[in-house]
Amino acid sequence: MLPLPKSSASSAVVGRKLSVLGSSSSKLTLPKDVVLLQLALLILHGERLTHARLHDEFGLERRTAVRYLADLRRAGLPIAVVKEGRDNVYALHHLRSKLTLEAVDVSPTVAKSLSLLVVAAALLPKNLGVREAVDRTVRQALRVRGLRIAGELRRLEDAVMVLENDAKDYTGREDVFEAVFDAVLEGRLLTIDYVSPRRGAEQRRIYPATIGLYRGGLYVLGVEPGVAPRRARWWALERFDDVPLVVPGATALSAGDRQQAIRAARARWGPAAPLLPRDSEQGALIDDDVTVVTLHFSARAAPFVRARPWHSAVDMESWDDGGVRVSLRLEGESFMLESWLLSWGAEVQVLRPAAMAKRLADEQERAARQHRAASAAFSRLLDDGEGGEGGEGGDSSGGPPG
C-alpha cells in the first residue's frame, strides 16, 4: 500500500473553503473545469479524497469521479490510488511529488547539457509523457536565469533533428508503465502476466529494479524472489499482458540488492539475459559468466567506433593498420552483441573467443550462400518473364509476368 501524506489543519481548512460551492446540498452545478481545479487544489494541499467525499461535497457519481481524476492524472498531477477496504482513496503521490524542481540556478554551459536531456526525452514514446516532464523540469530550472537562457535552450533543441526513431508504440499501456515506475521507486514486489515468445503466457513475480531504454523499447529489470540479484533479467514492457499488481505484505527490495542487479545488468550488452551456471567436468556448478571479447575494427570503421558510446568495461587501442582493437568484459548472453557485430560485415573481426568467431563466420557464410542463390533464382525468373509475349514483363494485356 502506498503511504499517503497526512492532511494538515490548514489544508483541511482550504479544502472546506474550496469544496463548499460543490457540496451536494447546493443547488448550483459547477462547470467541469471549476470542479477539476478544486480537486487539483485539494490534492496538492494533501487532502485524501474518497468516493463518498467526492459525492457528498461535489455531487460526483462514482464513474464521473473516476473520469475526472483520470483527467487530472493525464494533465500531470501525480495522484496515488490506494485500496482501503472496498473504497479507493486518492491523494498526492508522496514520491512523485518530490520530483518537481522549483527553481535551480544553472549556468549557460549546464543549460546546453540540459538541452540534450530534452532531445533524449523526445526519443521515448510520447504517450508516456516523459518529454513533457523533462521539458517542464528543465524550464523550471532555468527560471532564475531569465528568458535569455530559456531561449538559448529552445534554439539548441531546434538545432538537433532525430533522423531515425524506432520507438515502440506503447499506446494504451500508460497504466502498466505507471505501476512499474511506482514499484521501482518503492521496491515493491509485483505479480505480472507476461507473454513470452518462447514460453507463451505465464505469471511471474518480480521486483522492478529499474526501467531501461534500448533501441526504442522499454525494458524492466526484474529481480525474482529467491534468485540472486545479479541474475536479474530484462522484461519487455510491451509483453506485459495486464497492469501488474502489488503483492501485499511482501518485503521491499533492499537498496543493496537493487544496486547489485543494476551493476550486473550494466555489464551485459543491452537487455541481454544472464547466463545460467554451467556444469563442470566434475559435476559442480560453475558460476562465472564473464567473457572477454576482443575485436578488431578496420581503418574505415575506426572513426565510427571511436565516436560511439561503448560498454561499461572496455579498453580501446589504436592499431598499426589504422584500425582499432577493442576488448571488453561481457557478462550474460552474447546474442545481441553478435547481432550487432554482424551489421559491420567485413569491417570487424572477432579475435576471441574462438567459439564466437566461428558462429559469426558460419552465419556470414550461410547468409552469403542464400544471397547468391536467391539472386540467381530471381534473375532466372526475370529472364523467363522477358521471353513471354508482349515483350518485357509479360503480355500486352497488363497481366502478371509469364
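The values are calculated or read from the model by the stated rules, or taken from the named source; none is laboratory data. Note that this is a predicted model, so its numbers are computed, not measured. For neighbour counting, all protein chains shown are included, and Cβ atoms are generated from backbone atoms with ideal geometry for every residue, glycine included.
For segment 25-36, state whether one or more residues are within 29 Å of LEU189 (Cα to Cα), at pLDDT below 50 and in contact with a helix residue (DSSP H, G or I) (Cβ under 9 Å, 6 or more places away or on another chain). No, that holds for no residue. For VAL350, indicate whether it is surrounded by 11 or more Cβ atoms within 10 Å (Cβ to Cβ), aliphatic (A, V, I, L, M), under 26 Å from ALA261 (Cα atoms) and touching a strand residue (DSSP E or B) at 6+ places or on another chain (Cβ under 7 Å). When the stated conditions are applied, VAL350 does not pass them. Annotation: of all residues in segment 51-75 being assigned to a helix (DSSP H, G or I) and over 34 Å from the mean Cα position of the chain (by Cα), the one that is surrounded by the fewest Cβ atoms within 10 Å (Cβ to Cβ) is ALA52. Could you check how many residues of segment 34-50 are in contact with a strand residue (DSSP E or B) (Cβ under 6 Å, 6 or more places away or on another chain) and assigned to a helix (DSSP H, G or I)? Of the residues in that region, 1 qualify. Exactly one of (1) at pLDDT below 50; (2) hydrophobic (A, V, I, L, M, F, W, C); (3) touching a Ser or Thr at 6+ places or on another chain (Cβ under 7 Å) is unmet by PHE58. Its number? With (1) at pLDDT below 50; (2) hydrophobic (A, V, I, L, M, F, W, C); (3) touching a Ser or Thr at 6+ places or on another chain (Cβ under 7 Å) applied to PHE58, the lone miss is (1).
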